[in-house]
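The values are calculated or read from the model by the stated rules, or taken from the named source; none is laboratory data. Everything numeric in this text was worked out from a predicted model, so none of it was measured. Using ideal geometry, Cβ is built from the backbone for each residue, glycine included, and neighbour counts are taken over all protein chains shown.
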Amino acid sequence: MIQEIGLAVLGILVLVFFHDILQKKHVILHNFPIVGHLRYLLEKIGPELRQYWVATDKEERPFNRSERAWIYATSKGQNSSFGFGTTEEIQSTGYPIIKQSTFPFTPKKDSDNSKIVCAKIIGSHHKRNFPYQPKSVINISAMSFGSLGHKAVSALNKGAKLANSFHNTGEGSISSYHDSGADLVWQIGTGYFGCRNKDGSFSIDKMMEKIKKHPQVKMIEIKLSQGAKPAKGGILPGQKVTKEIANIRGIEIGKTCYSPNKHSAFNDVKGLIDFVELIANKTGRPVGIKSAVGDLGFWEELATLMMKQKQGPDFITIDGGEGGTGAAPLSFSDHVSLPFKLGFTRVYKIFKTQKLASKVTWIGSAKLGFPDRAVVAFAMGCDLINIAREAMISIGCIQAQKCHEGSCPAGIATQSKWLQDGVDVNSKAARCHAYLKGFSKEVLELTHACGHEHPCELNADDIEFSTGINQFTPLDKVLGYRKEPVKLA
């Protein structure tokens, strides 16, 4: 009898094993058959375990359980509402309150409540040949093929296409996995991958070759630094540098790829502006810069020269120190560069003083992939929001924090064929699309609740921050400025 039961159990386990291997819906089950079910069991009872034994749903980092639960539910088209009221300490210092209007904006009955076109036409101020008006204010931030696997890149690109969002390539250049139809922002880092000579220097000719092959490139972004590791070059471990990646980037197979900590094509602010104008004149595309915020002298000089020369970046992406898509030494992750709100505030005020704030398109980045945070960013002066890790979570990332090891159990931040095999591109693309759509929908609902039609109309009157017990301060008093009004294009 015992032997028969044992054989029956073994047979069931064999069936479960093959079921897990063959199914494509859950990457964890495919990559870790049978034992992978424990992950879902622990996830299911995790809130209870943390609540009584470990931590509350608000204490996990970098994204707490409530944040991830909202992303997961939104990406799966499930009910993303929460019951029984807020669990936040709404009077804790720095807590934002969105002030609803007594007379909310009522959209037309036939309007798409998840479609928000950018209010600005990027590149029009500098009269670029191919100005660009993004079809969505919510877009996919820079994550390179190499750091992410090809299936993750494909899923994000297809999801972005479905959601009318653009997809930033990251500094790893354009791959065939970026060719699923989404508009692209080609990011150029210090390694000039995809447009470099053999010695690693920049090549405008190779850039033009790439542009001709990829007409979906709508803008070019020069990365000066990123929030995860500002003033430190990127690192792609050798185990991630496959033949395909090496060919795309123009580097050696299997050898750890280091990006310099600064550009070789220019050495000062004037050189940066000249570099921007060179690329813009050759490609006709709007050109911008991405940077974390540290030394303010750079930004003051940049704004002054831009005003004087009537040249320079068409858009500026401000990344906060909260950013984390790039692996970095702990000291850089924890201590280098200002948080987004503080960094953006200081830079925007400099450009406002030079009367340039309304002439530049502002993109916010760093943990802004939630409706309340996006609304605050728009009220501060952002025109667009870029999201990275939240987009990864929408396609299955479980915050395992193995990105730098190449052993991502969800098959996203890895080049392992086995770990990627369980990633079904189409189903993950659908989840990315659902997340972007749900996110946009809630941003628009909050905008309407404040009495506005478009997020660009959000302003300091709509937000207050807790600055003490029973003390809330309007956004403009906290920031020290009011954003420049933006007219709908």
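Quick notes
- Qualifying residue in segment 424-434 (condition: of a type outside the set (A, V, I, L, M), modelled with pLDDT under 90 and over 19 Å from S80 (Cα atoms)): no
This table checks each residue for (1) outside the structural domain of A374 (by TED's automatic domain parsing); (2) part of a loop (DSSP other than H, G, I, E, B).
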residue: I116; (1), (2): yes, yes
residue: A142; (1), (2): no, yes
residue: V153; (1), (2): no, no
residue: H167; (1), (2): no, no
residue: I174; (1), (2): no, yes
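- Here R482 meets the list (1) part of a loop (DSSP other than H, G, I, E, B); (2) of a type outside the set (F, W, Y); (3) within 21 Å of the chain's Cα centre (by Cα); (4) surrounded by fewer than 24 Cβ atoms within 10 Å (Cβ to Cβ) almost entirely, failing just condition (3).
- Pick from segment 243-264, criterion out of contact with any Cys (no Cβ under 7 Å at 6 or more places or on another chain), buried (at least 19 other Cβ atoms within 10 Å of the Cβ) and aliphatic (A, V, I, L, M), ranking: farthest from K212 (Cα to Cα): I245
- Filter result for G181 (farther than 17 Å from N247 by Cα and assigned by TED's automatic domain parsing to the domain that holds R389): yes
- Per-region count, segment 118-140, residues part of a loop (DSSP other than H, G, I, E, B), touching a residue at least 60 places away in the same chain (Cβ under 8 Å) and either closer than 14 Å to I395 by Cβ or of a type outside the set (D, E, K, R) (or both): 13
- The residues in segment 13-30 that are surrounded by fewer than 18 Cβ atoms within 10 Å (Cβ to Cβ), of a type outside the set (S, T, N, Q) and either over 27 Å from the mean Cα position of the chain (by Cα) or more than 18 Å from S416 (Cα to Cα) (or both) can be counted, and the count is 10.
- Residue match in segment 141-163 (condition: modelled with pLDDT of 95 or more and touching a Leu at 6+ places or on another chain (Cβ under 6 Å)): yes
- On the stretch given as segment 1-23, residues that are outside any helix (DSSP H, G or I) and modelled with pLDDT under 85 total 1.
- Screening I121 with (1) closer than 18 Å to L488 by Cα; (2) surrounded by fewer than 23 Cβ atoms within 10 Å (Cβ to Cβ); (3) out of contact with any Phe, Trp or Tyr (no Cβ under 8 Å at 6 or more places or on another chain); (4) not small (G, A, S) gives one miss only, at (3).
- Residue within segment 171-182 that is modelled with pLDDT of 95 or more, under 22 Å from R389 (Cβ atoms) and in contact with a Pro (Cβ under 9 Å, 6 or more places away or on another chain) present: no
- Residue match in segment 134-147 (condition: touching a Ser or Thr at 6+ places or on another chain (Cβ under 7 Å), surrounded by fewer than 24 Cβ atoms within 10 Å (Cβ to Cβ) and under 17 Å from G369 (Cβ atoms)): yes
- All positions within segment 285-301 that are within 17 Å of I363 (Cα to Cα), at pLDDT 95 or above and touching a helix residue (DSSP H, G or I) at 6+ places or on another chain (Cβ under 6 Å): V287, W299
- Long-range neighbours under 7 Å by Cβ, at least six apart or interchain, first residue closer than 13 Å to A430 by Cα within segment 156-177, second surrounded by fewer than 24 Cβ atoms within 10 Å (Cβ to Cβ) and β-branched (V, I, T): K158/V425
- Residue match in segment 213-221 (condition: surrounded by fewer than 23 Cβ atoms within 10 Å (Cβ to Cβ), out of contact with any Asp or Glu (no Cβ under 8 Å at 6 or more places or on another chain), of a type outside the set (F, W, Y) and in a helix (DSSP H, G or I)): yes
Conditions tested, residue by residue: (1) in a helix (DSSP H, G or I); (2) at pLDDT below 95; (3) out of contact with any Leu (no Cβ under 9 Å at 6 or more places or on another chain); (4) farther than 24 Å from I98 by Cα.
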residue: G343; (1), (2), (3), (4): yes, no, yes, no
residue: Y348; (1), (2), (3), (4): yes, no, no, no
residue: G364; (1), (2), (3), (4): no, no, no, no
residue: L368; (1), (2), (3), (4): no, no, yes, no
residue: H404; (1), (2), (3), (4): yes, yes, yes, yes
residue: A410; (1), (2), (3), (4): no, yes, no, yes
residue: T414; (1), (2), (3), (4): no, yes, no, yes
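- Screening segment 57-82 for residues that are among the hydroxyl-bearing types (S, T, Y) and either part of a helix (DSSP H, G or I) or in the same structural domain as P371 (by TED's automatic domain parsing) (or both) and picking the one that is modelled with the lowest pLDDT gives S66.
- Here I235 clears all of (1) under 30 Å from K341 (Cβ atoms); (2) of a type in the set (A, V, I, L, M, F, W, C); (3) at pLDDT 90 or above except the condition numbered (3).
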